[in-house]
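The values are calculated or read from the model by the stated rules, or taken from the named source; none is laboratory data. All values reported here derive from a predicted model rather than from experimental measurement. When we count neighbours, we look across all protein chains shown, and the Cβ atoms used for this are built from the backbone with ideal geometry, even at glycine. Heavy atoms of the whole protein, side chains included, go into the accessibility calculation; ligands, DNA and RNA do not. Shrake-Rupley method; radii C 1.70, N 1.55, O 1.52, S 1.80 Å.
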Amino acid sequence: MFESRLVKEESSFIRTYIFPLGVALAFIALWGTLSALHLFPKSAFPSPMDVLVGFREEIVSGRLWNDLVASLFRVSMGFVLAVVLSVPLGLLLGHAASAREALLPAVNFFRSLSPLAWIPFAILWFGVGDLPVVFLIFMATFFSLVLAVMAAVANIPSVFFRVAADYGFRGWSLLWNVTLPAIMPQIITALRVTAGVAWLVVVAAEMIAGRDGLGFAIWDARNGLRTDLLVCGMIVIGIIGVLLDRLLVRLTHLPNVRWGYER
Amino acid sequence: MSDKPLSLINVSHAYGTSAVFEELSVEIERGEFVAVVGPSGCGKTTLLNLLSGFLRPTSGVINRQGTTRMVYQSDGLFPWLTVKENIALGLRHLRDEKARRAQMKDLLELIRLDGFAGHYPHQLSGGMRQRVELARALAGETDVLLMDEPFSSLDYQTRLRMRRMLVRVLTERPRTVVFVTHDIEEAAQLADRILVLSERPAHLIKELRVGVERPRDPTHPTVVSTVKTILDELGLREDARELSAVK
Ligand SMILES: Nc1ncnc2c1ncn2[C@@H]1O[C@H](COP(=O)(O)OP(=O)(O)O)[C@@H](O)[C@H]1O
Ligand SMILES: [Mg+2]
């Protein structure tokens, strides 16, 4: 019994860590082989070793760290702003049919609009730096979040509101104790999706409207024909994206939202 | 005003133009267990909603004494709260922390879920969830329990056990109960009085008293004869005979 559990734990450890690591190593080996074959000119296809050296350079100069912090700061600002403003609007649209009828087409319109279409205006209005990028991240996530909150509210089983009324929940206490917990699982799912979008958008936005950040680093590397640094940027962006999602997945393990994922 | 916990006098109700009840009058005695049976869609849930005050009748008078609580058909528990937290909703009016804790302990023992206080509803079986709903509705000083087909989503054996549990709980904490069910056997096993409703617009086609002590076995002669009487009233007796012939 005890032994079999040990075996099980061991096999799950192998599956969650060793296998993915193996795949990563195989991928790097393939990459190394391809670069050794010189299918592309060396300047257009850096080897793993080139990239490792590039990493060292970026870390020693401190640039990588600066870019990382800049990008994370902008994503957090834009995303937090979008969450804070979208939840109240989504609640309103979910509860009030008239507001929904009036605003839903507009929300849908802006959600369908690629956030990258806003780049020219973002620069005209906010110049370059943090602000235009924060603005673009906001535009990329706000409308999806509003729709997700709205749909979640509209789908709350009416029996919850009956029970809430029976036990004396009204106004703010109803919102806090019933409506918000009832939509929390769906909100968390929406946060995961939109955080992923925000991370995609920050790179694109910084390429054009940034003077630093990971997106700008990529753009800068391309202009300097430093494909080794370009790959450094790509690797960091990918890793941070995965970590961001891992972080948000943890929210789905909270005991009082688990119910939303187990049906 | 009468001293009856619940009474309907000439109550009519309609959704838009379609009448559900016409001139219905019912009185319910203190401590009585009244079962309401009738074809599906005849207005049983509507009747409970009128009794609880959730709906206002189109015409007629409804008198209500004391507090009423509804036990819902299915999944009225908040899934984001534990068993204990759900039951605590029913104890919110108690100011004294000590009294609340003592009540909670009693209720958990009453529904035999002492070991499950920290579980969430999705971790429980349907029967356990329904017991928690019952405990929540019993908490505090409720006078009347309105139960809308509380056991209908459970399998037969669980339903039998839940009936026995309900009888036990009510001997420990007597309440006036209006119990809606489409299960005639259930009504015959549990109720002091059974109201049989017709198709819409619903009126009382039969009122039966069952004078036998509870708990009653489903095979008790009075239960069996009560079931027969109700099947007769609903015009279902012939079907029942054919079914047993098939077996
Ligand atoms: N909110 C409503 N609006 C319109 N019709 C309703 C509404 N609620 C119930 N009804 C109708 O009233 C009748 C009685 O419903 P209900 O009380 O739920 O019946 P039961 O609980 O006996 O199955 C049904 O025909 C149903 O379609
Ligand atoms: Mg019903």
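With B:138, B:134, B:91, B:146 as the choices, which residue is within 16 Å of ligand 2 (Cβ to nearest atom), open to solvent by less than 10 Å² (accessible area, probe 1.4 Å) and either within 14 Å of chain A (Cβ to nearest Cβ) or at pLDDT below 90 (or both)?
None of the others qualify; the one that does is B:146.
Select from segment B:64-88 the residues that are within 16 Å of ligand 2 (Cβ to nearest atom) and either open to solvent by 60 Å² or more (accessible area, probe 1.4 Å) or at pLDDT below 90 (or both) and list them in ascending order.
Of all residues in segment B:64-88, those within 16 Å of ligand 2 (Cβ to nearest atom) come to B:70-76.
If the condition is that a residue be within 16 Å of ligand 2 (Cβ to nearest atom) and either open to solvent by 60 Å² or more (accessible area, probe 1.4 Å) or at pLDDT below 90 (or both), then B:72, B:73, B:74, B:75 are the ones that fit.
Among the residues of segment B:47-73, which ones are within 14 Å of chain A (Cβ to nearest Cβ), out of contact with any Ser or Thr (no Cβ under 8 Å at 6 or more places or on another chain) and assigned to a helix (DSSP H, G or I)?
Hits for segment B:47-73 are B:48, B:49.
Kindly indicate whether residue A:226 is open to solvent by 20 Å² or more (accessible area, probe 1.4 Å), away from chain B (no Cβ under 14 Å) and over 20 Å from the mean Cα position of the chain (by Cα). Write out each step before concluding.
Numbers: open to solvent by 20 Å² or more (accessible area, probe 1.4 Å): yes; away from chain B (no Cβ under 14 Å): yes; over 20 Å from the mean Cα position of the chain (by Cα): yes.
Here the answer is yes, as residue A:226 does meet what is asked.
Here is a list: B:199, B:133, B:186, B:109. Which entry is within 16 Å of ligand 1 (Cβ to nearest atom), in a helix (DSSP H, G or I) and either within 23 Å of residue B:75 (Cβ to Cβ) or among the charged types (D, E, K, R) (or both)? Walk me through how you get there before you give the answer.
On the way: B:199 fails: in a helix (DSSP H, G or I); B:133 fails: within 16 Å of ligand 1 (Cβ to nearest atom); B:109 fails: within 16 Å of ligand 1 (Cβ to nearest atom).
Result of the check over B:199, B:133, B:186, B:109: B:186.
Looking at A:79, A:55, A:45, A:73 in this structure, which one is surrounded by 11 or more Cβ atoms within 10 Å (Cβ to Cβ), more than 25 Å from the chain's Cα centre (by Cα) and among the aromatic types (Phe, Trp, Tyr)? Step through it out loud before you land on a result.
Details: A:79 fails: more than 25 Å from the chain's Cα centre (by Cα); A:55 fails: more than 25 Å from the chain's Cα centre (by Cα); A:73 fails: more than 25 Å from the chain's Cα centre (by Cα).
Residue meeting the stated conditions: A:45.
Could you check residue A:28 against (1) in a helix (DSSP H, G or I); (2) over 25 Å from residue A:199 (Cα atoms); (3) not aromatic (Phe, Trp, Tyr) and say which number it fails?
With respect to (1) in a helix (DSSP H, G or I); (2) over 25 Å from residue A:199 (Cα atoms); (3) not aromatic (Phe, Trp, Tyr), residue A:28 is out only on (2).
So which residues in segment B:193-219 are over 19 Å from residue B:28 (Cβ atoms) and open to solvent by less than 60 Å² (accessible area, probe 1.4 Å), if there are any at all?
So in segment B:193-219, the residues over 19 Å from residue B:28 (Cβ atoms) come out as B:198-201, B:212-213, B:215-219.
Matches in segment B:193-219: B:198, B:201, B:212, B:216, B:218.
Hey, among B:38, B:31, B:90, B:115, which residue is small (Gly, Ala, Ser) and within 13 Å of ligand 1 (Cβ to nearest atom)?
Details: B:31 fails: within 13 Å of ligand 1 (Cβ to nearest atom); B:90 fails: within 13 Å of ligand 1 (Cβ to nearest atom); B:115 fails: within 13 Å of ligand 1 (Cβ to nearest atom).
The unique qualifying residue is B:38.
In segment B:22-51, what count of residues is obtained for those that are more than 16 Å from ligand 2 (Cβ to nearest atom) and farther than 15 Å from residue B:204 by Cα?
Number of matching residues: 5.
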